[in-house]
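Contents: one structure, followed by commentary.
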Amino acid sequence: MTKSVTSPPEWRRRAALVASASSAQFPPAPGGDQNEIGGWIGPSGRVELGASALGGWASLEQGDDESAARAAALCRRLAWEQPDDAPGLMLGWDGERPTEPLARANAPGQPYGDVGGAVAFLARCFEEGGDVDDLDAAIELHDLAIAMGEGVWQPSNALVGWGGALLFEITGEDAFLATAERMADVLSEAQSPGGSWADDELLTQLCAATLVAMADAVEARAAVEEALAASEDGD
């Protein structure tokens, strides 16, 4: 396992270089309404994993637990019902099974961040509702995303790191910490001296928010570990 070059205090410092990124705000919800199968329409014109995860997260923020639960159910099905012969991850849903669009394995420019968004959404659903199916599906999607190859490690896929950090906060497993740390290293290396990423405002906001969210999650887990250690010492 490669040792991280950076650490949470450095992640916060880099995020602070972006003046308007003072909090860990998830990307905005997609346009349109949730449809009858619990999802949101993505750029392909189909119900998509990424759009549904963002819509589900927004539902949680608004206290709409019913809509969030329906979105989580759809994301779980996309995690568990992937076809064995697909050369990557099917990100769409046709009402019965995963379908196009496809995030290809070992290829540049693929929307692996959509998968990371679903990991983060399902992990948060587990934190708030305690449904183990949400956690299991989040782990499945995390592992599928990491298996897609080196193309995952791009600033545009920052949400993969966010999802990994939330899973680390929940489980304490080093594999998820490694995901967050590697993405943080990628983001730190790609950041310009002025604080932006690729002179792209939306990408810059995403990367800065991800650094803050990952720092929050990793430090929260460290506090849990410290409390557990103190409890054991007191026995």
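The table that follows gives values for the structure above.
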read-out	value
Out of Ser4, Ser44, sole residue that is in contact (Cβ under 8 Å) with a residue 40 or more places away in the chain and closer than 24 Å to Ala180 by Cα	Ser4
Qualifying residues in segment 163-177 (those that are free of Cβ contacts under 8 Å to residues at least 40 places away in the same chain and within 19 Å of Cys125 (Cα to Cα)) - the one least open to solvent (accessible area, probe 1.4 Å)	Phe176
Selected residue [buried (at least 20 other Cβ atoms within 10 Å of the Cβ) and over 16 Å from Ala215 (Cβ atoms)] from Met183, Met148	Met148
Failed condition for Gly38, given (1) open to solvent by 80 Å² or more (accessible area, probe 1.4 Å); (2) touching a residue at least 24 places away in the same chain (Cβ under 8 Å); (3) farther than 22 Å from Leu144 by Cα; (4) of a type outside the set (Lys, Arg)	(1)
Qualifying residue in segment 219-233 (condition: farther than 29 Å from Asp136 by Cα and touching an Asp or Glu at 6+ places or on another chain (Cβ under 9 Å))	no
Number of positions in segment 173-218 that are under 24 Å from Ala138 (Cβ atoms) and either in contact with a strand residue (DSSP E or B) (Cβ under 8 Å, 6 or more places away or on another chain) or not in a helix (DSSP H, G or I) (or both)	1
Residue in segment 214-233 that is at pLDDT 95 or above, open to solvent by less than 40 Å² (accessible area, probe 1.4 Å) and within 13 Å of the chain's Cα centre (by Cα) present	yes
Candidates Asp94, Asp85, Asp131 - the one that is acidic (Asp, Glu), free of Cβ contacts under 8 Å to residues at least 60 places away in the same chain and closer than 27 Å to Ala217 by Cα	Asp131
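So that you can scan it fast, the table gives a plain yes or no per residue for (1) open to solvent by less than 30 Å² (accessible area, probe 1.4 Å); (2) within 13 Å of the chain's Cα centre (by Cα):
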position	(1), (2)
Glu140	no, yes
Asp143	no, yes
Val152	yes, yes
Ser156	no, yes
Thr179	yes, yes
Ser192	no, no
Gly195	yes, no
Ala198	no, no
Gln205	no, no
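The values are calculated or read from the model by the stated rules, or taken from the named source; none is laboratory data. Small disclaimer: the values here were computed from a predicted structure and weren't measured. When we count neighbours, we look across all protein chains shown, and the Cβ atoms used for this are built from the backbone with ideal geometry, even at glycine. Heads up: the accessible areas ignore ligands, DNA and RNA and are worked out on the full protein's heavy atoms, side chains in. Shrake-Rupley method; radii C 1.70, N 1.55, O 1.52, S 1.80 Å.
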